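The values are calculated or read from the model by the stated rules, or taken from the named source; none is laboratory data. Everything numeric here is computed off the predicted structure, so don't read it as measured data. Heads up, the Cβs are rebuilt from the backbone with ideal geometry, glycines too, and the neighbour counts pull from every protein chain shown. Surface areas here come from the heavy atoms of the whole protein model, side chains and all, with no ligands, DNA or RNA. Shrake-Rupley method; radii C 1.70, N 1.55, O 1.52, S 1.80 Å.
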Amino acid sequence: MSVDFSSEEIHSDSAIVLLEKLEHSHKVINYFSNLILDKHHSLLITHSIHKLVKYQVVILIRGYDDYYDVLHLQRDPLYKIF
């Protein structure tokens, strides 16, 4: 038997799991993202307003100030499922 506790596979930030459960039941991020008007052509949009707002909420909950602080989240397994 072998157990690998590499930091890439273990995540202790339960706030993201709690946020996902709250969002699933209350749809707060969905509500606020629907208030933002996106005037871009739908064929030119890569990420929806909902996805961008949700991303911003997650990085703020994790304690990061801006996008440049969270580039390592692309490898975070918990964030990938969120």
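For this structure, a couple of remarks:
- Put simply, of 43, 18 the only residue that is more than 13 Å from the chain's Cα centre (by Cα) and among the hydrophobic types (A, V, I, L, M, F, W, C) is 43.
- When the criteria are applied in full, residue 29 fails the requirement of being under 12 Å from the mean Cα position of the chain (by Cα), hydrophobic (A, V, I, L, M, F, W, C) and modelled with pLDDT under 70.
- Applying the condition of being in contact (Cβ under 8 Å) with a residue 12 or more places away in the chain and in a helix (DSSP H, G or I) to the range 35-51 and asking which residue is least open to solvent (accessible area, probe 1.4 Å) yields 49.
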